[in-house]
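A.B. asks: Structure provided below as structure tokens; questions to follow.
The values are calculated or read from the model by the stated rules, or taken from the named source; none is laboratory data. All values derive from a computational prediction rather than experimental measurement. Positions of Cβ are backbone-derived with ideal geometry, glycine not excepted, and every protein chain shown enters the neighbour counts.
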Amino acid sequence: MKETIRTLVEAYGPSGNEERVREIIMGMVREMCDSVRVDTLGNLIAFRRASRPATGRPAPTKIMLAAHMDEIGIIVTHIDEKGFMRFSNVGYVDPFTALGQRVVFGNERAGVIWMEKLEKMKDLRLDKMFVDVGQGAAGDGSGVSVGDVAAFDRKMTEMGNRLTAKAMDDRIGCAILVETLRRLRESPNDLYFVFTVQEELGARGAVTSAFGICPDVGIAVDVTPTGDTPKAAISDVSLGKGAAIKVKDSYLVAHPAVRNLLVSAAESAGIPFQMEVLERGGTDAGPIHTTREGVPSGVISVPTRYIHTPCETVDLGDVEACVRLLEKVLSNEVSV
Ligand code: CO
Ligand code: ZN
């Protein structure tokens, strides 16, 4: 599974530019599903039919699982006469974590991010910063234009049982869905594994895919911050303590039936878990749960340090707990 994670996090795919990630995931899941399609906005929808008829109900429960393919990035807004590029953010990019980073554009041109001279470091904002793509020597066309998008350029590396990389948010969720498909032998539910686009811009892919699928139950798999680093913002979630089951974030109160489904599955299978209350932020489950007349929804969260930086860090034990939890939930008949 580590190699699956590596392949996914190292791929280029800022919001709106998910094609390469989608091709990789398509190659991983096609053989394991009854059908795979890409919808109008670019979501990848992998469907696996229920392995037996439902008991006491007309049709199997339709479960939508969602993980987003996109990552944060930057977009060129202006190029000056010397070739320095001003940029804006694609998704939330913190100026302090972007400073001094290496980025890569869709055409594989590298760039580095630096800043104007400032009186005070706390005045650092993205509009005081620029990308240097090495342009300057005559005839050195970078091939980068206004509107082009770059992502952080960073390889994954291991720190003991922990993995650190850019784009763990949310390729780790994509990897968990792929691994669940690999391990899941049978499910009495109709399963829609949805790899969504543009979550970092407001969960836009989840809006349209949930409307199209019209699921009975929604479960998103995404990262959540931890409170276990020196003087961190308060959060009860820690790295290494298992899968996090969401209670609430800014866009969702997890449906009690889905929350209980996840908690009781974790308890019965002896899977380590922790409860998560996130004060700011959301996931694809936000728009899923308000689709049409409402869809009972919840979230399995992967505890992650340093979210939205090039060194997002997860614990392999937590990742394994998330896969086991999802596998356990899906292998039983779900009725919510
Ligand atoms: Co994010
Ligand atoms: Zn995310």
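Residue by residue, here is whether (1) under 25 Å from GLY294 (Cα atoms); (2) outside any strand (DSSP E or B); (3) touching a His at 6+ places or on another chain (Cβ under 6 Å) holds:
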site	(1), (2), (3)
LEU163	no, no, no
ALA175	no, yes, no
GLU179	no, yes, no
ARG185	no, yes, no
PRO188	yes, yes, no
PHE195	yes, no, no
GLU200	yes, yes, no
ALA206	yes, yes, no
ILE219	yes, no, no
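A.B. asks: Next question. Being under 30 Å from GLU279 (Cβ atoms) and among the small types (Gly, Ala, Ser) is the filter here, so list the residues in the range 170-220 that pass it.
C.D. replies: Answer for the range 170-220, where residues must be under 30 Å from GLU279 (Cβ atoms) and among the small types (Gly, Ala, Ser): GLY173, ALA175, GLY202, ALA203, GLY205, ALA206, SER209, ALA210, GLY218, ALA220.
A.B. asks: Right, next: Can we say GLU31 is exposed (fewer than 11 other Cβ atoms within 10 Å of the Cβ), among the charged types (D, E, K, R) and over 30 Å from CYS322 (Cα atoms)?
C.D. replies: In short, no.
A.B. asks: Ok, one more. Pairs under 6 Å by beta carbon, first residue free of Cβ contacts under 8 Å to residues at least 40 places away in the same chain in the range 57-85, partner assigned to a loop (DSSP other than H, G, I, E, B) and within 16 Å of ligand 2 (Cβ to nearest atom), six or more apart or different chains?
C.D. replies: none
A.B. asks: Quick one: LYS117 ticks every box in (1) over 24 Å from the mean Cα position of the chain (by Cα); (2) part of a strand (DSSP E or B) except a single one, so which number is it?
C.D. replies: All conditions are met except number (2).
A.B. asks: Could I ask something else about it? Of the numbered conditions (1) over 21 Å from THR164 (Cβ atoms); (2) more than 14 Å from ligand 2 (Cβ to nearest atom); (3) surrounded by 16 or more Cβ atoms within 10 Å (Cβ to Cβ), LEU316 fails exactly one; give the number of that condition.
C.D. replies: LEU316 satisfies every listed condition except (1).
A.B. asks: Could I ask something else about it? Surrounded by 24 or more Cβ atoms within 10 Å (Cβ to Cβ) and either in the same structural domain as MET32 (by TED's automatic domain parsing) or within 16 Å of ligand 2 (Cβ to nearest atom) (or both): which single residue out of LEU252, LEU239 fits that description?
C.D. replies: LEU252
A.B. asks: Another question, if that's okay. So PRO287 fits all but one of (1) farther than 21 Å from THR196 by Cα; (2) within 16 Å of ligand 2 (Cβ to nearest atom); what number is the exception?
C.D. replies: (1)
A.B. asks: A follow-up question, please. Only one of these is in contact with a Ser or Thr (Cβ under 8 Å, 6 or more places away or on another chain) and surrounded by fewer than 21 Cβ atoms within 10 Å (Cβ to Cβ): ARG280, ARG292, ARG305. Name it. Quick ask: steps written out before the conclusion?
C.D. replies: On the way: ARG292 fails: in contact with a Ser or Thr (Cβ under 8 Å, 6 or more places away or on another chain); ARG305 fails: surrounded by fewer than 21 Cβ atoms within 10 Å (Cβ to Cβ).
Within the list ARG280, ARG292, ARG305, the selection yields ARG280.
A.B. asks: Considering each of VAL247, VAL223 in turn, give the residue that is within 18 Å of GLU279 (Cα to Cα), within 13 Å of ligand 2 (Cβ to nearest atom) and hydrophobic (A, V, I, L, M, F, W, C). Lay out the reasoning, then the answer.
C.D. replies: Values: VAL247 fails: within 13 Å of ligand 2 (Cβ to nearest atom).
On inspection, the qualifying residue turns out to be VAL223.
A.B. asks: Could you list, in sequence order, all residues of the range 169-184 that are within 16 Å of ligand 2 (Cβ to nearest atom) and among the acidic types (Asp, Glu)?
C.D. replies: The answer is ASP169, ASP170.
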